[in-house]
Amino acid sequence: MFRHFSFSVIIGALLLVFSTSSALAKTYQHSLGTLEIDGTPQRVVVLGYGSLDFIDALGITPVGMPKTLLPTSLQHYKADAFTNTGSVKEVNFETLFTLKPDLIIAEARMADIYQDLNDVAPTYIFKIDTTDYWKTTQEHWRTLGAIFNKQAQAEQLIAEVQDQINHLHSKVAVNPPRALTVSSSGNTLAMFGQHSRFSFIYDEAGFKTSTSANVDAVSGSHGNLISFEYIADAQPEVLLVLDREQAIGQSNGKAKQLFNNALIKSIPAAKNDRVLFIEPAAWYLTAGGYQSTKTMIADLNKVFKS
């Protein structure tokens, strides 16, 4: 009887601990589902630069992250104190296991291996819907603020960026210029309109779109393929150029040479000094980051001289 009673007491105690622990765990929504976290994560691995940018602004220090092509604002993570997990497209799983994370934050480039990451530790997918950039960015910031018990800081960062967006929009709204956004990758040009990865330019900032009436664009998987003749025919008042090769570390400044031609010089944007080469890392590698979003706003503010 004594042994049976003791075993029952032990089992009951374990069940009580388990049920209490389960009750304390909180469920959070992310881009590919939900995750449960009990307490505040201490050992965090971040596998993308937009989310790294944001949690850095929150004051969270991760133990590991990819170190290839780190944006300027995140260069301090090159230090030996932080473990290199690979690239933003490929993670070293052996390294990931040794880090023993209690939370992994991954981004869209690793969505295909979400289940594998989730087998290592609870995984949050930070995927920005670039066709609705600011709305989904705020949602992720608020969720991560809650996960790290830093809701007030997250709201402060949101309010700061919102003020900057409002200020930019008010300047654009006076006389919204027609803007054409182009990605340059080698000799390949692709344009991106309002419903694209550059929707922020048109939806939040309020620029109008500029398109060609006489030169065709060819639909592609990464924007619509165009030519310099297309740009010349569109006659944009603002031309925004992303040097994709620079963003991925394949060249530096090649796009500026490529765009120094007679067709570009014929457009209103060139005549009014409104051909702008936007910051590659902020627009291409670091979607949804705090510093990167402010950089995007700063880039668009350069359209206005005052």
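The values are calculated or read from the model by the stated rules, or taken from the named source; none is laboratory data. The model shown is predicted, which means the values in this text are computed figures rather than measured ones. Don't worry about glycine lacking a Cβ; one is built from the backbone with ideal geometry, like all the others, and counts go over all protein chains shown. Remember, those area values only see protein heavy atoms, side chains included, never the ligands or the DNA or RNA. Shrake-Rupley method; radii C 1.70, N 1.55, O 1.52, S 1.80 Å.
Here are the numbers:
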{"read-out": "Förster radius 35 Å - calculated FRET efficiency between Ala213 and Ala79, Cβ distance, rounded to 0.05", "value": "0.10"}
{"read-out": "Charge-dipole axis of the chain as Lys and Arg at +1 and Asp and Glu at -1 on Cβ define it, positive-most pick from Leu99, Val218, Ile158", "value": "Ile158"}
{"read-out": "Violating pairs (Cα-Cα greater than 27 angstrom) within the set Lys89/Lys265; Lys271/Lys302; Lys256/Lys305; Lys89/Lys150; Lys171/Lys294", "value": "Lys89/Lys265; Lys89/Lys150"}
{"read-out": "With DNA, RNA and ligands ignored, accessible area of Arg142 (1.4 Å probe; Å², nearest 10)", "value": "100 Å²"}
{"read-out": "In Å², nearest 10: area of Lys150 left accessible to a 1.4 Å probe", "value": "50 Å²"}
{"read-out": "222 nm mean residue ellipticity, helices alone, for the chain (DSSP H n ≥ 4; -39,500 (n - 2.57); rounded to 500)", "value": "-12000 deg cm²/dmol"}
{"read-out": "Listed peptides 261-274, 200-213, 44-57 by packing density, highest first (mean Cβ within 10 Å)", "value": "44-57, 200-213, 261-274"}
{"read-out": "Size of charge dipole - the chain - debye, nearest 20, with Cβ of Lys, Arg +1 and Asp, Glu -1, no other charges", "value": "460 debye"}
{"read-out": "For region 128-167, the spread of Cα positions along each principal axis, largest first, Å", "value": "28, 22, 7"}
{"read-out": "J(HN,Hα) series, region 35-48, from Karplus relation 6.51 cos²θ - 1.76 cosθ + 1.60, nearest Hz, glycine and proline x", "value": "9, 10, 10, 9, x, 9, x, 10, 10, 10, 10, 10, 10, x"}
{"read-out": "Computed lengthening from Gln42 to Arg178, 0.36 nm per intervening residue step minus Cα-Cα distance", "value": "44.2 nm"}
{"read-out": "Solvent accessible area, Å² - Val91, 1.4 Å probe, full protein context", "value": "20 Å²"}
{"read-out": "Tail beyond 22 Å, pair distance distribution of region 72-207 (Cα, percent)", "value": "57 percent"}
{"read-out": "Residue-normalised accessible area of the chain, given per residue in Å² at a 1.4 Å probe", "value": "49 Å²"}
{"read-out": "Segment His195-Asn261, extension gain: residue separation times 0.36 nm, minus the distance between their alpha carbons", "value": "20.9 nm"}
{"read-out": "Kirkwood hydrodynamic radius (C-alpha pairs) into Stokes-Einstein, region 30-146, 25 °C and 0.890 mPa s, D in µm²/s", "value": "172 µm²/s"}
{"read-out": "Förster radius 25 Å - calculated FRET efficiency between Val63 and Tyr28, Cβ distance, rounded to 0.05", "value": "0.80"}
{"read-out": "Column: log10 I(q)/I(0), Debye, Cα scatterers of the chain, q = 0.07, 0.11, 0.14 Å⁻¹", "value": "-0.34, -0.73, -1.06"}
{"read-out": "Total formal charge among the other residues, if their Cβ is under 15 angstrom from that of Lys208, Lys/Arg +1 and Asp/Glu -1", "value": "0"}
{"read-out": "Alpha-carbon radius of gyration plus Dmax, which is the widest Cα pair, for region 135-205 in Å", "value": "16.0, 47"}
{"read-out": "³J(HN,Hα) computed for each position of region 237-242 - Karplus, 6.51 cos²θ - 1.76 cosθ + 1.60, integer Hz, glycine/proline x", "value": "7, 9, 10, 10, 10, 9"}
{"read-out": "Counting DSSP beta bridges with both ends in the chain, the antiparallel % (nearest 5)", "value": "40 percent"}
{"read-out": "Kirkwood-Stokes translational diffusion coefficient of region 224-269, alpha-carbon pairs, 20 °C, 1.002 mPa s, µm²/s", "value": "187 µm²/s"}
{"read-out": "Apportionment of accessible area to carbon and sulfur, the chain, percent (1.4 Å)", "value": "51 percent"}
